[in-house]
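Here's the structure we're looking at; comments come further down.
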Amino acid sequence: MKSISNAPKAPGQIPIENKVFREFGGINTQAARTSIAPEQFSWLENVMPIGAGNLKAVPQKNAALTTLTGKTVYYSKEFNIAGVFYMFYACTDGALFQVKVSDGTQTVIIAAGTYSASGAQIAQWKNERILIIDPTAGYAMWDGTTFYRLSTATTITGTIVATTLTVTASNGWISVGSSLSGGTASGIISAQLSGVAGGVTGTSTWSLTSTAGNNPTTATPGSPTSGTSIATFAGRVWIVNGTASRTISYTDAASFDSFINSGGSTTITDEVLTGQIYQLVPANNFLYIFGGDSINVISDVQVSSGAAVFSNTNISANSGTDLNQAIVVYYRAVWYMNRYGIFALYGSTPRKASDDLDGIFPLIDFTKSVTSGTVVIFNILCAAFMATYNDPVAGARKIIMIYFNKKWFVTSQTGSLTTMATSHGQLDTLYGVDTASIYKLFGNSTLSISQTVQTALWDLGDFIPIKQSLRIGVEGTLPASTGSVTATCDTEFGSQAPEVPFAQSFSMIWYNSSGSVFSWTNSLGAAFAWLIGGYVWFQGDVETTGHYLGMTVTSNTAVNVYNGLQLQYRRLPAGWGN
């Protein structure tokens, strides 16, 4: 921000000064508006401070991709099968859905009444299938077409010869590690020898250990029957074993359904984990284990003498999160949000990244869901965290706090989003759910979006003198469409609009020789407007006084680019005591 004094001036005349604001920083709610850095904003909503002279309105959400009629979504995550991208949605009535990102085609994975109302999660296995865990429904698998339970018994028709089981029929997936019962049979399935995976059709053969008897009718898997978090890491599946658990089960190497060979479990007994494990996150060659106030990492997973060995190291003894959907990998760091900030975990060191949002956090309703993701906006990769904000003026509403290039700003795509998650394709894209309707966020550059740009209250180099504003200006690059920009000059006492408001639409007004407005009509006799696009400089006279001066600019016009804000003022002789 530059200071320019007009010269020359007459003897005794109070000089007129100009402030030009183009070096755009990010939002800062930590300090008072009178104390934030001159390049920062006290509020910045739906406008991205890309760089100097480039403050750009973000796109609005697209029209609904699809609607899960009658549903309320509590969890969402991307997956792909054979290179086709989908979103997974878990609903509060226990239903699970697959939605194709490219066209919104929805598929019911499992009907209502099956899964829990808040606990399902998924992990990707190769690009073949997703693995599902739930506190009540247990462990399952979906391959894009068929749903299989992996922790409930499968009915089979089979015979045993020596240590080989031959299955001629089954009503589900047969897992390695299943125990046999029925007839006179007992024993454990140790490997599949032939047939289609899981023995779901046709005839399949299996090797057994500790066998006895014949004619088994049931294969009961050894998979966890309850879980709250799931991840794939180092060629294995890792599952947190249920609510309030400190134990993680893991599969055999290169398997998603067997836990009996080099699979097993590990329990965190260290006192740094004061409660339960809330989330597992694979990234940067580590499996991050998030407790409410601690973080461990599992690494260097190997097999020795038939058993898995690995290191389990605590890297944070006083910072973690219980917000299990508020963790996201952003570049080489794992970012997470808890109830007092947003942190970036670089290696073994968590660093608070959200000091500038400290004024927002006391107004977040943590009884509502907090979700996160990454998104490309204007070809810039950003980290995003969505929460319910108890706005002192507008009331409770959803905001998305967005970070890039050491700057924060907030957006509000729609006030009633419940969750959001990233789809990774050619570009990271956020998909949000407004109860049941699914939207691509930041996808439409033609729809209006409410924008607020509120600067610091500048002391203009010296707090003591009273300053009198004379004129304000907004410099921008605007679309050739109908729209408007409004602005006020602000002081510590209040705000004042220009005597003549800025243009209420980006259009040219024509006057005839008598000074009357001249209207243009088309060949059908309908009136039309001459629209203004490109570079404009709105200006207006506004007189108000204070020790501090600043500006607030608002608009709802899509694709606005604010190139600069200007303030003309003079310092009055009054100071102390005035």
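The values are calculated or read from the model by the stated rules, or taken from the named source; none is laboratory data. Bear in mind the structure is a predicted one, so any value in this text is a computation, not a measurement. Quick reminder, even Gly has a Cβ in these numbers, built from the backbone with ideal geometry, and neighbours come from all protein chains shown.
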Give the residue, chosen from Ala169, Ala244, Ala197, Ala185, that is without any contact (Cβ under 8 Å) to a residue 60 or more places away in the chain and either of a type in the set (Phe, Trp, Tyr) or surrounded by 20 or more Cβ atoms within 10 Å (Cβ to Cβ) (or both).
Ala185
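Every residue, every condition in (1) under 27 Å from Tyr331 (Cα atoms); (2) of a type in the set (Ser, Thr, Tyr), yes or no:
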{"position": "Ser223", "(1), (2)": "no, yes"}
{"position": "Ala234", "(1), (2)": "yes, no"}
{"position": "Glu271", "(1), (2)": "no, no"}
{"position": "Gly291", "(1), (2)": "yes, no"}
{"position": "Thr313", "(1), (2)": "yes, yes"}
Inspect all residues belonging to the range 100-108 and state whether any of them is in contact with a strand residue (DSSP E or B) (Cβ under 7 Å, 6 or more places away or on another chain) and on the phi > 0 side of the Ramachandran plot.
yes
Which residue is farthest from Met401 (Cα to Cα), if the candidates are limited to the range 287-340 and must be among the aromatic types (Phe, Trp, Tyr) and not in a loop (DSSP other than H, G, I, E, B)?
Phe310
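Condition check ((1) touching a residue at least 40 places away in the same chain (Cβ under 8 Å); (2) under 19 Å from Val200 (Cβ atoms); (3) touching a Cys at 6+ places or on another chain (Cβ under 8 Å)) across all residues:
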| position | (1), (2), (3) |
| --- | --- |
| Phe85 | yes, no, no |
| Asp103 | no, no, no |
| Leu131 | yes, yes, no |
| Thr136 | yes, no, no |
| Thr145 | no, yes, no |
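Name the residue that is surrounded by the fewest Cβ atoms within 10 Å (Cβ to Cβ), counting only residues in the range 365-388 that are over 14 Å from the mean Cα position of the chain (by Cα) and under 27 Å from Arg332 (Cβ atoms).
Across the range 365-388, the extreme among qualifying residues is Asn379.
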Would you tally the residues in the range 337-375 being closer than 24 Å to Gln40 by Cα and in contact (Cβ under 8 Å) with a residue 40 or more places away in the chain?
12
Tell me yes or no: at least one residue of the range 389-404 is more than 14 Å from the chain's Cα centre (by Cα) and surrounded by 16 or more Cβ atoms within 10 Å (Cβ to Cβ).
yes
Would you please name the residue that is surrounded by the most Cβ atoms within 10 Å (Cβ to Cβ), looking only at residues in the range 144-163 that are hydroxyl-bearing (Ser, Thr, Tyr) and in a loop (DSSP other than H, G, I, E, B)?
Ser151
Filtering the range 71-81 for residues that are closer than 12 Å to Gln124 by Cβ and either surrounded by fewer than 16 Cβ atoms within 10 Å (Cβ to Cβ) or aromatic (Phe, Trp, Tyr) (or both) leaves a count of 1
Could you list, in sequence order, all residues of the range 27-48 that are within 19 Å of the chain's Cα centre (by Cα) and of a type outside the set (S, T, N, Q)?
Ile27, Leu44, Glu45, Val47, Met48
All positions within the range 96-115 that are closer than 29 Å to Arg236 by Cβ, within 23 Å of the chain's Cα centre (by Cα) and assigned to a loop (DSSP other than H, G, I, E, B)
Val101
I'd like to verify a number: residues in the range 257-274 that are of a type outside the set (A, V, I, L, M) and surrounded by fewer than 22 Cβ atoms within 10 Å (Cβ to Cβ), how many?
9
Looking only at the range 302-352, which residues are surrounded by fewer than 21 Cβ atoms within 10 Å (Cβ to Cβ), within 19 Å of Gly26 (Cβ to Cβ) and of a type in the set (A, V, I, L, M, F, W, C)?
Ala333, Ala344
Anything in the range 415-450 that is among the polar types (S, T, N, Q), within 20 Å of Asn379 (Cβ to Cβ) and not in a loop (DSSP other than H, G, I, E, B)? List them, or say none.
Thr422, Ser423, Thr429, Asn444
State all residues of the range 56-94 that are in contact with a strand residue (DSSP E or B) (Cβ under 7 Å, 6 or more places away or on another chain) and polar (S, T, N, Q); if no residue qualifies, say none.
Gln60, Asn62, Thr66, Thr67, Thr72, Ser76, Asn80, Thr92
Can you find, within the range 412-458, the residue that is surrounded by the most Cβ atoms within 10 Å (Cβ to Cβ) among those that are at pLDDT below 95 and of a type in the set (Gly, Ala, Ser)?
Ala436
